[in-house]
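Reading through the structure tokens given below for one structure.
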Amino acid sequence: FPSHDSPVLIKKQLHLQTVSHDGRKDITKNFLPDEIDITRYVDAGYANIRIETTDEIFEIHINEEKNLKIRRSNNNQPAQIQSLEHDRKKERRISITDPIFLHLGIADKDGELIPRQSDKYKQVDEFLKLIENLIPDIVDEKKVSIVDLGCGHAYLTFATYRFLELNGISAKVVGVDNRKESIERNNGIAAKLGLQSEINFVQSDIKDFSPGEYSLAIALHACDTATDDAIAMAIRSKAKAILVSPCCYHDLNKQLQVQSENLPLMLRHGIVKERFADLLTDSIRAQILKIFAYRDWE
């Protein structure tokens, strides 16, 4: 299969990176200049090889007897800046150089990703994909209002606000958590970023937090019935969209009792009973949301 070769910089040394395909997967190899052997392309069975420099183009045709016909011409195309990056940089919805990542402890003072925080940075970006797709549903003429229930260290709270801001959307955000240290930390970060009037954190259990007028309610990893409290609060607030990621299902699991001769086989094993309780819990939640005119997000 065709091979595509290009120069890359690896550990400050110039290499030739070759990418070929064997019919199942891409095969990538890197060669130092003195390791490059043009004959391997001839032996591999290629019929045509094209080599471009900033000044010249070499077109090599190889026949069945492995005789070479070389055509040399001037390269009249405008010179382009060649990226020498070894790894292709992925476009993220918020650059790692953004000040929020410095204050959240995801980037260092030079705007570089702290290696141990790479998973967190990816998680933030994946979450912002959801926010990006929700924008048409939550944005109207008024300012977008968001409540993050069980916000923890508020990585997603700050990122959501900043992502909307970068897209020209004004937002008012409230983060709710019952841990005093998290609230103090998060309000401190908001102050450092000069966002005290736009982002506020409140210490409270979700069930005790008063409903308001919110465009979007977020509750990620609200344990057990805290997810139900979050859904109830979001419904009372008439939120246009609700993002929940439930965890730690216990309440219904404890209530399950065998009432049918068909259930003992399923409920006698703890792990199976636990999974059944998880599915039943989320099915009930989905039905409640449907009753209140919420639809599945596709």
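The values are calculated or read from the model by the stated rules, or taken from the named source; none is laboratory data. Nothing here was measured: the structure is a model prediction, and the numbers come from that model. All Cβ positions, glycine included, derive from the backbone under ideal geometry; neighbour counts span all protein chains shown. When the accessible area is computed, the model is the full protein with side chains, heavy atoms only, and any ligands, DNA or RNA have been set aside. Shrake-Rupley method; radii C 1.70, N 1.55, O 1.52, S 1.80 Å.
Brief remarks on what is shown
- For the chain, the fraction of alpha-carbon pairs lying more than 34 Å apart is 48 percent, rounded to a whole number.
- Which of 251, 26 is most accessible, then next, and so on - probe 1.4 Å: 26, 251
- Added length on full extension, which subtracts the Cα-Cα distance from 0.36 nm per residue, residue 65 to residue 283: 71.6 nm
- Degrees between helix 226-236 axis and first principal axis of the chain (Cα, 0 to 90, nearest 10): 80
- Once all protein chains are placed together, residue 170 keeps about 70 Å² accessible to a 1.4 angstrom probe.
- Measuring nothing but alpha carbons in the stretch 164-208 and taking Rh as the Kirkwood radius, the Rg to Rh ratio lands at 1.03.
- Label positions at residue 191 and residue 97, each projected 7 Å from the Cα along the C-beta direction, are separated by 3.0 nm.
- Local net charge near residue 100, Cβ-Cβ under 11 Å (Lys/Arg +1, Asp/Glu -1): 0
- Peptides 289-295, 123-129, 106-112 ordered by average Cβ neighbours within 10 Å, highest first: 123-129, 106-112, 289-295
- The angle between the Cα long axis of helix 270-291 and the main principal axis of the chain comes to about 80°, on a 0 to 90 degree scale.
- Ranking of 172, 238 by solvent-accessible surface, largest first: 238, 172 (1.4 Å probe, protein heavy atoms only, all chains present).
- Debye-formula intensities of the stretch 131-270, expressed as log10 I(q)/I(0) at q = 0.09 Å⁻¹, are -0.33 (one equal scatterer per alpha-carbon, no solvent).
- Per-peptide packing, taken as the mean over residues of other Cβ atoms within 10 Å, places 60-73, 222-235 in the sequence 222-235, 60-73 from highest down.
- Surface accessible to a 1.4 Å probe, residue 202 within the full protein complex, Å²: 50
- Accessible-area rank, largest first, for 215, 118: 118, 215, with all protein chains present and a 1.4 angstrom probe.
- Summed residue charge, Cβ within 13 Å of residue 224's Cβ, Lys/Arg positive, Asp/Glu negative: -4
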